[in-house]
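Heads up: the structure comes next, in structure tokens.
What follows is calculated from the coordinates using simple rules that are stated; it is not laboratory data. Please read all numbers here as calculations on a predicted model, not as lab measurements. Cβ placement follows ideal geometry from the backbone for every residue including glycine, while neighbour counts extend to all protein chains displayed.
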Ligand SMILES: C[S@@+](CC[C@H](N)C(=O)[O-])C[C@H]1O[C@@H](n2cnc3c(N)ncnc32)[C@H](O)[C@@H]1O
């Protein structure tokens, strides 16, 4: 089974990422601002997760639709942030072509698939559902910092006793993927994410039909630089 089907769809995910709920108070307004669409825009929050960023898109006056693969996340979203939601896979979005003004893809939610074709397919689907001139916001982890901080080889386990889990991250130089193993509530989880270079991100965006690609290196919109922790791309549908 693909790792992303099970790993996000487990109550332990909410334990491991509990701090992201508080982070949303800063990330939400900032990322919604960087999307930079006028009020009334139809925005697809893909993937929406449990909806932690939803109120901040709504606060900008957007009409927001959420989609995610995880039934557990969607259930929590429905309870905490009622909204139009759909269960979906990035590779075949259940939205009409050219139906959206914006796609909001936050928190390193690209690169999950094993093949380059599938990862490109996700961007092609984002482009398909956007109207001409529509905007994609793609919020990624900065690859160069990640490479520098995450060890190659076997890595070592870090303990997060207050949060209740252990974590070991390793960087696979050949496959250019970060593998993050976690032990939580007696279970093991393993994320395996392709972390592209800036050139690869731009190449894929162009191949998927985007133009006018700009990037910044942080939530405050600071200029992009290789060692920025976040690489946040804004791209316009051709
Ligand atoms: C890191 S979370 C980000 C969620 C949200 N954007 C946020 O910032 O809270 C990644 C999300 O992607 C979803 N996901 C993973 N694989 C997916 C796929 N193939 N299609 C659609 N959603 C997927 C997971 O269920 C999870 O909710």
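Looking only at residues in segment 32-59 that are over 18 Å from the mean Cα position of the chain (by Cα) and free of Cβ contacts under 8 Å to residues at least 60 places away in the same chain, the one that is farthest from residue 101 (Cα to Cα) is 59.
Tell me the residue from 96, 52, 76 that is within 11 Å of the ligand (Cβ to nearest atom), part of a loop (DSSP other than H, G, I, E, B) and in contact with a helix residue (DSSP H, G or I) (Cβ under 8 Å, 6 or more places away or on another chain), please.
Numbers: 96 fails: within 11 Å of the ligand (Cβ to nearest atom); 76 fails: part of a loop (DSSP other than H, G, I, E, B).
None of the other options fit; the residue is 52.
Residues in segment 110-140 that are in contact with a helix residue (DSSP H, G or I) (Cβ under 9 Å, 6 or more places away or on another chain), within 14 Å of the ligand (Cβ to nearest atom) and under 26 Å from residue 56 (Cβ atoms): 110, 111, 112, 122, 123, 125, 126, 136, 137, 138, 139, 140. Candidates in segment 1-15 are the residues that are crowded, with 18+ Cβ neighbours inside 10 Å and within 11 Å of the ligand (Cβ to nearest atom); of these, the one that is nearest to residue 235 (Cα to Cα) is 4. Can you find even one residue in segment 16-31 that is over 16 Å from the mean Cα position of the chain (by Cα), outside any helix (DSSP H, G or I) and surrounded by 22 or more Cβ atoms within 10 Å (Cβ to Cβ)? No, because not a single residue in segment 16-31 is over 16 Å from the mean Cα position of the chain (by Cα), outside any helix (DSSP H, G or I) and surrounded by 22 or more Cβ atoms within 10 Å (Cβ to Cβ).
When 81, 77, 62 are checked against the criterion of being touching a residue at least 24 places away in the same chain (Cβ under 8 Å), more than 17 Å from the chain's Cα centre (by Cα) and surrounded by 22 or more Cβ atoms within 10 Å (Cβ to Cβ), 62 stands alone in meeting it. Filter segment 210-223 down to residues that are surrounded by 17 or more Cβ atoms within 10 Å (Cβ to Cβ) and more than 18 Å from residue 149 (Cα to Cα) and give me whichever is farthest from the chain's Cα centre (by Cα). Once the filter is applied, the top-ranked residue is 210.
Check off (1) surrounded by fewer than 19 Cβ atoms within 10 Å (Cβ to Cβ); (2) closer than 24 Å to residue 216 by Cβ; (3) in contact with a strand residue (DSSP E or B) (Cβ under 7 Å, 6 or more places away or on another chain) for residue 34 and give me the number that stays unchecked. That leaves (1) as the condition not met.
Name the strands (runs of 3 or more DSSP E) wholly inside segment 143-199 in which the number of residues that are buried (at least 16 other Cβ atoms within 10 Å of the Cβ) is 1 or more. Quick ask: steps written out before the conclusion?
Numbers: elements: 158-160, 165-172, 177-184, 187-194.
Where strands (runs of 3 or more DSSP E) fall fully within segment 143-199 and carry at least 1 residues being buried (at least 16 other Cβ atoms within 10 Å of the Cβ), they are 165-172, 177-184, 187-194.
Has segment 26-37 got at least one residue that is within 11 Å of the ligand (Cβ to nearest atom) and more than 28 Å from residue 127 (Cβ to Cβ)? No, because not a single residue in segment 26-37 is within 11 Å of the ligand (Cβ to nearest atom) and more than 28 Å from residue 127 (Cβ to Cβ).
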